Amino acid sequence: MKGGEKFVLATIGVLLAFGVVRNLMHVEEPHESDIPFYSTAPQDVAIKATDLYRTYTCRGCHSLWSLKDVMQSVPAPMMDGIGSLHTEAWLFDYLSSPNPQLIIPSRLKKKYQMPSFASMPEADRRILASYLASLKVKDWYLEQTKKDEHDKLTGEDTSK
């Protein structure tokens, strides 16, 4: 075996040993592998709301189940856990508002601001409000969800 080959094998051995030791020493934090988001919606409501979410292109701005449109550039709040932050009645009123910026002022340019869905059929607004209200976050992640929404709305970074 040549000197260069010994060096390459030794380097690989050291890296493997380091990886094994690191994994053995890693202490998993509580909830680290737990998914904090869930829905309490009945299946029929979830299906109808998902269809409406697509129909009204909500995914163009908002992420749901941490999935976002790869072309999304609007810093809109994610929908995961929104039901832990707002009631169904509040969400319905927000979707029904002729000017949502009167409820939640937006720092975004006009073309990126939340549009009014007041002209959407009331039944559709009720289904969406019901579904959005069902999108909960586990208690241990609620404060992080509040910070994330605050940061999206204000442009601040409270993680520092």
> Quick one: is Lys68 of a type in the set (Lys, Arg), over 16 Å from the mean Cα position of the chain (by Cα) and modelled with pLDDT under 85?
Replying inline: no
>> Which pairs turn up if I take residues in region 38-67 that are within 16 Å of Met78 (Cα to Cα) and look for partners that are assigned to a helix (DSSP H, G or I) with beta carbon separation below 6 Å, at least 6 apart in sequence or on another chain?
In response: Ser39/Ser134; Ala49/Ile127; Ala49/Leu128; Ala49/Tyr131
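Given the condition under 13 Å from the mean Cα position of the chain (by Cα), closer than 18 Å to Met79 by Cα and of a type in the set (D, E, K, R), answer yes or no: does some residue in region 106-128 qualify? Write out each step before concluding.
To start, the set of residues in region 106-128 that are under 13 Å from the mean Cα position of the chain (by Cα) comprises none.
No, region 106-128 contains no residue that is under 13 Å from the mean Cα position of the chain (by Cα), closer than 18 Å to Met79 by Cα and of a type in the set (D, E, K, R).
The values are calculated or read from the model by the stated rules, or taken from the named source; none is laboratory data. Every value quoted in this text rests on a predicted model; they were computed, and no experiment measured them. Because the Cβ atoms are built from the backbone with ideal geometry, glycine has one as well, and the counts that use them run over all protein chains shown.
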